[in-house]
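Participant: Quick one: structure below, then a few questions.
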Amino acid sequence: MSGELSAVPSERFTLVTGATGFIGGRLVDRLVANGCKVRVFARRITPTLDRLRDSIDIAVGDIRNSVAVRDACRNADVIYHLAALAKPWVRDPAEFFDVNLTGTYNVCRAASARGVHRLVHMSTALVSPPPGVLYGAEITNITPYQRSKAEGEKLVQRFVERGGDAVIVRPTRVFGPGLRTAGNTVTRLIDLYRRGRFRFRIADENANANYVLVDDVVQGMLLASANGSAGETYALGGANCTLPDFLRMIEQAGAKPRWVIAVPQQVAKMLAFGFEIGGYVGIEPQISRDWVRLLAVDWRVSSLKAEEDLGYRTTPLPDAVKMTLEWLEAGRQAPEAAQTQGGVAA
């Protein structure tokens, strides 16, 4: 199977939550291009959604509102649940659970009540420790975001145990053309570096991270819906590399080389603490102390299971970086990017 979904029967449709987010927006574009009948569930109608009015149905509501979610799921054949709070810091950590856990609970209940054929739930690779890491349980509990997503996975597994059909996908560090939201920080890094404004990084002993192009993740979600086994989880990653190597790829793609200083972790945590204080007076923090610690972990990811079971394939990382850099230099940025920066993708 190719993973490209054909249009569902006229009385059934595909529902996407989190459609105003970075990945969700690209997913909606792909589904529409594939001829699917699409409904999106969003807190508000953005310019991008407004331009798609003739191609999609829009249900406005909050993912935490069970009635609104249940109504949006009426006649749904497939649900892609991407809505989540993905900020580096919020004043009250309980907000991560309020959005990410309550939202997932509402979607699972609605999917059960509405007889949904398949639920594709987006989690994160940060809930699964890299192979061979002895302190895995510790590093998957550093941030409230991780904990909330891990608990959300448990809800989805219970949904499957009770007869539901769902698969879980775990993307890594996603980047590429699209909305400049809190979920698209790697693209922002590329943009800052090309403009000479990325001058400091965390001294991480050259820890590896996994980077993947957004369109590859979207394709992986389609494949998970078409080919995935109920109750299974699939890592949707690309290539593992260190941050210095990633920066060199940006240079090789055409950006001017820049001098970047590695800041000791303790110093970075002190600076992050200052950002957190700013958060209490309305200045959106770009990083927190928890994320300083998390970003210094060597977090290699393998997508072998998705490749073997789903037919998942990825774009070579240098090509993906070059594509993103060219898009940035051409100035092709979605008009509502500034409005959605750092918000709930729902």
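Participant: Among Pro177, Val167, Ile139, pick out the residue whose Cα is farthest towards the positive end of the charge dipole of the stretch 134-227, where Lys and Arg carry +1 and Asp and Glu carry -1 on C-beta, about the Cα centre.
Facilitator: It is Pro177.
Participant: Quick one: putting +1 on the C-beta of Lys and Arg, -1 on the C-beta of Asp and Glu, what dipole do you get for the stretch 195-335 around its Cα centre, in Debye to the nearest 20?
Facilitator: Using Cβ point charges on Lys, Arg, Asp and Glu, the stretch 195-335 gives about 660 debye.
Participant: Excluding ligands, DNA and RNA, what is the solvent-accessible area per residue of the chain at a probe of 1.4 Å, expressed in Å²?
Facilitator: Value returned for the chain: 44 Å² of accessible area per residue.
Participant: Nearest 20 debye, what's the magnitude of the dipole of the chain about its Cα centre given +1 on Lys and Arg Cβ and -1 on Asp and Glu Cβ?
Facilitator: Approximately 580 debye in magnitude.
Participant: Can you give me the distance in nm between label points at Val60 and Asn75, each placed 7 Å from the Cα along the Cα-to-Cβ direction?
Facilitator: For the pair Val60/Asn75, the computed spacing is 2.1 nm.
Participant: Would you be so kind as to identify which of Pro264, Val186, Leu304 lies farthest towards the positive end of the dipole of the stretch 186-325, taking Lys and Arg as +1 and Asp and Glu as -1 on Cβ and the Cα centre as origin?
Facilitator: Working it through, the farthest residue towards the positive pole turns out to be Pro264.
Participant: List the pairs from Lys154/Lys322; Lys149/Lys269; Lys87/Lys322; Lys37/Lys322; Lys256/Lys305; Lys269/Lys322 whose alpha-carbon separation is above 29 Å, in the order I gave them.
Facilitator: Listed pairs above 29 Å: Lys154/Lys322; Lys37/Lys322; Lys256/Lys305; Lys269/Lys322.
Participant: Largest first, how would Asp204, Asp298 line up by accessible area (1.4 Å probe)?
Facilitator: Correct descending sequence by accessible area is Asp298, Asp204.
Participant: With Rg and Dmax of the Cα atoms in Å as the read-out, I listed (i) 32.2, 99; (ii) 20.4, 62; (iii) 19.3, 58; which label goes with the value calculated from this structure?
Facilitator: (iii)
Participant: Can I ask one more? Heavy atoms only, probe 1.4 Å: what % of the accessible area of the chain goes to carbon and sulfur, would you let me know?
Facilitator: 50 percent
Participant: Right, here's the next one. Treating only the Cβ atoms of Lys and Arg (+1) and Asp and Glu (-1) as charged, compute the dipole magnitude of the stretch 4-155 about its Cα centre; round to the nearest 20 debye.
Facilitator: For this selection, approximately 180 debye.
Participant: Name the long-range amide H neighbours of Lys37: under 5 Å, sequence gap of 5 or more, or other chain; modelled H, no Pro or chain starts.
Facilitator: Hits under the 5 Å cutoff: Val8, Thr14.
Participant: Here is a follow-up. In whole Hz, with x marking every Gly and Pro, tabulate ³J(HN,Hα) for the stretch 190-197 from phi via Karplus 6.51 cos²θ - 1.76 cosθ + 1.60, θ = phi - 60°.
Facilitator: 4, 5, 4, 5, 5, 8, x, 10
Participant: May I pose another question? Express in nm, to one decimal, how much length is gained between Arg51 and Arg12 on full extension, taking 0.36 nm for each residue of separation and deducting their alpha carbon distance.
Facilitator: 11.8 nm
Participant: Sticking with this structure for a sec: Quick one: compute the contact order of the stretch 177-333, relative version, from alpha carbon pairs under 8 angstrom and 6+ residues apart, as a percent.
Facilitator: 39 percent
Participant: Taking 0.36 nm per residue of sequence separation and subtracting the Cα-Cα distance, how much length would be gained by fully extending the chain between Glu308 and Val67, in nm to one decimal?
Facilitator: 82.9 nm
Participant: While we're looking at this one, here's another question. Could you give the length gained on full extension between Arg197 and Asn34, defined as 0.36 nm per residue of separation minus the Cα-Cα distance, in nm?
Facilitator: The span from Arg197 to Asn34 would gain 54.8 nm if fully extended.
Participant: If you don't mind, there's one more thing I want to ask. Amide H to amide H under 5 Å from Ala239: which residues, 5+ apart in sequence or cross-chain, H placed 1.01 Å off N in plane?
Facilitator: Tyr211
Participant: Here's a follow-up. Tell me the accessible surface of Glu151 in square angstrom (1.4 angstrom probe, heavy atoms of protein chains only), to the nearest ten.
Facilitator: Approximately 70 Å² of Glu151 is accessible to the 1.4 Å probe.
Participant: Let me ask something else. Take Asp216, Asp62, Asp54, Asp319 and sort them by solvent-accessible surface of the protein heavy atoms, 1.4 Å probe, largest at the top.
Facilitator: Sorted descending by solvent-accessible area, the residues read Asp54, Asp319, Asp62, Asp216.
Participant: Considering only protein heavy atoms, with the full assembly of protein chains and a 1.4 angstrom probe, order Tyr193, Tyr280 by accessible area, largest first.
Facilitator: Ranked from most to least accessible, the order is Tyr280, Tyr193.
Participant: Tell me the mean residue ellipticity at 222 nm calculated for the chain from its helices only (DSSP H runs of n ≥ 4, each -39500 (n - 2.57), averaged over every residue, nearest 500).
Facilitator: Calculated mean residue ellipticity at 222 nm is -12500 deg cm²/dmol.
Participant: Pull up all non-local amide H partners of Arg201: gap of 5 or more, or a different chain, and H-to-H distance under 5 Å with H placed in the peptide plane.
Facilitator: Ile261, Ala262, Val263
Participant: At Phe273 and Gln286, where each label point lies 7 Å from the Cα along Cα→Cβ, what is the point-to-point distance in nanometres?
Facilitator: With each label placed 7 Å out from Cα toward Cβ, I get 2.0 nm.
The values are calculated or read from the model by the stated rules, or taken from the named source; none is laboratory data. Note that the structure is predicted; figures quoted are calculated from it, not measured. Cβ sites come from the backbone with ideal geometry, for glycine too, and all protein chains shown count toward neighbours. Ligands, DNA and RNA are excluded from the accessible area calculation, which covers all protein heavy atoms including side chains. Shrake-Rupley method; radii C 1.70, N 1.55, O 1.52, S 1.80 Å.
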